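For reference, the structure is listed below as C-alpha cells.
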Amino acid sequence: MPTWMFSPWRREVWVAALVLLADQVTKSIVDRSIHLHDSVPVIPGLLNLTHVLNEGAAFGLLNAAQFRFKPVLVAAMALAALVAIIVYAGRFATETASARYGLALVLAGAVGNLIDRATRGHVLDFVDLYWGSWHFWAFNVADAAITVGATLIVVDMLFARRDVPETV
C-alpha cells in the first residue's frame, strides 16, 4: 500500500477528501431538493440538474437488467475495481504528481459511488448534459472525478519521463 495515500499531510489526500465530501454533499442536496426524475434547468439547451438513479455499473451498464442480488453484484464489482486501483497505485503510479492526483481522484470517486451502493442500493446521478435531443449519460461529482483522474493517469503513462533501463 503506498504511504502517500495515508499521509494526512499530502495534498493528494486532501483533494480526495474534498472530492468525496463534495460528492456526498451534492448528492444529498439533490436527493432532498429535486424529486426523482424531475429536472432543474441550469443552462437551457445544455445543462440540467436531473435526479436519476443508476442501479447498474458505469454508464448505466446493467441498469435495465433485473435479477436477484443485482445490488450485491454491482457493489462487489465496484469494490473489486477499487481494490485493483489501490494495487495499481501501490505498485506503479506514485512517481509523478499527475499520477498521484489522478489516483486520488479515481479513488475518491470510486469510494463516493461505493458509499451510495452500500447505503442506498444505487448511485444518485444528477448532472444532465445535452444538446438538442441528445443526452449524455447522467453523472455526478464522483463520476467526474473518476473521468478526470483516469485522464491524468493516461496522460502520465503516455508522457511522463521515466528512468527505464534499456534491455539488451
Candidates Leu36, Leu21, Leu103, Leu73, filtered to the one that is more than 15 Å from Asp143 (Cβ to Cβ), at pLDDT 95 or above and in a helix (DSSP H, G or I):
Leu21
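Table: residues versus (1) assigned to a strand (DSSP E or B); (2) under 29 Å from Asp156 (Cβ atoms); (3) modelled with pLDDT of 65 or more.
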{"residue": "Leu53", "(1), (2), (3)": "yes, no, yes"}
{"residue": "Ala65", "(1), (2), (3)": "no, no, no"}
{"residue": "Val83", "(1), (2), (3)": "no, yes, yes"}
{"residue": "Ala89", "(1), (2), (3)": "no, yes, yes"}
Can you go through Ala78, Ala93 and tell me which one is modelled with pLDDT under 80, crowded, with 19+ Cβ neighbours inside 10 Å and not in a helix (DSSP H, G or I)?
Ala93
Top-ranked residue of region 106-137 - restricted to ones that are aliphatic (A, V, I, L, M), surrounded by fewer than 19 Cβ atoms within 10 Å (Cβ to Cβ) and over 11 Å from the mean Cα position of the chain (by Cα), ranked as modelled with the highest pLDDT:
Leu129
Taking the condition farther than 30 Å from Gly132 by Cβ, modelled with pLDDT under 70 and either out of contact with any strand residue (DSSP E or B) (no Cβ under 6 Å at 6 or more places or on another chain) or among the small types (Gly, Ala, Ser) (or both), does Trp14 pass?
no
Exactly one condition in (1) modelled with pLDDT of 95 or more; (2) within 20 Å of the chain's Cα centre (by Cα); (3) β-branched (Val, Ile, Thr) is false for Val42; which is it?
(2)
Filter region 138-168 for residues that are of a type in the set (A, V, I, L, M) and in contact with a Gly (Cβ under 6 Å, 6 or more places away or on another chain); the one that is modelled with the lowest pLDDT is Ile153
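The values are calculated or read from the model by the stated rules, or taken from the named source; none is laboratory data. Everything numeric in this text was worked out from a predicted model, so none of it was measured. As a convention, Cβ positions derive from the backbone with ideal geometry for all residues, glycine included, and neighbour counts pool all protein chains shown.
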